[in-house]
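The structure appears right after this line, and notes come after that.
Quick note: the coordinates plus some simple rules give every number you see, no bench work behind them. Since the structure is predicted, the reported quantities are computational estimates derived from the model, not experimental observations. No Cβ is skipped: glycine too gets one built from the backbone with ideal geometry, and neighbour counts run over all protein chains shown.
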Amino acid sequence: MPKITFIDANGTSRTVEADVGSTVMETAIRNNVPGIDAECGGACACATCHVYVDEAWVEKLPKASSIEEDMLDFAYDVRPGSRLSCQIKVSNEIDGLTVTTPEQQG
Ligand code: FES
C-alpha cells in the first residue's frame, strides 16, 4: 500500500496508508488528517482540499487539469506546489508522497 505523509501548518507529520484508486483527499479524510475540509466531496468545486506538494514530487505527479487550475484560484495562499488533493489519484507510483496542508482552507 502506498504511504502518504501529511504535514500540518505547525510542522506535525502524519504518515498514513492509502488505497490505490482513491485520492489524496479521501486518504486524509479517512485517516482523520486535519487541515483538509473537502466541502464539495471531491468534485473539484470548492478548493478546500488545497495542499502544497513537496518540491521533490511536483514534477512526478500528473499535471493539474485546467479545471483544477481554475479552481485553485479560489484557494488560500496559493504557491508553486499548490494542488487540490481531491484531484491527485493514489497509485503505487506516488508511494512516499509528502504534502503540507495550508494554515487554513478557503
Ligand atoms: Fe472540493 Fe477538492 S474537495 S475541490
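Counted without the sites themselves, the longest stretch of the chain free of trypsin sites (Lys or Arg not before Pro) in a DSSP loop having at most 15 other beta carbon atoms within 10 Å is 1-59.
Note on D73 and N31: the extension gain reaches 12.4 nm, defined as 0.36 nm multiplied by sequence separation minus the Cα-Cα distance. If you take the alpha carbon atoms of the range 53-106 and fit the smallest convex hull around them, that volume is 81 Å³ per residue. With neighbour counts taken as other beta-carbon atoms within 10 Å, the residues C44, C86 rank, fewest first, as C44, C86. The Cα atoms of the chain cover 32, 28, 25 Å along the three principal axes, with the biggest extent listed first.
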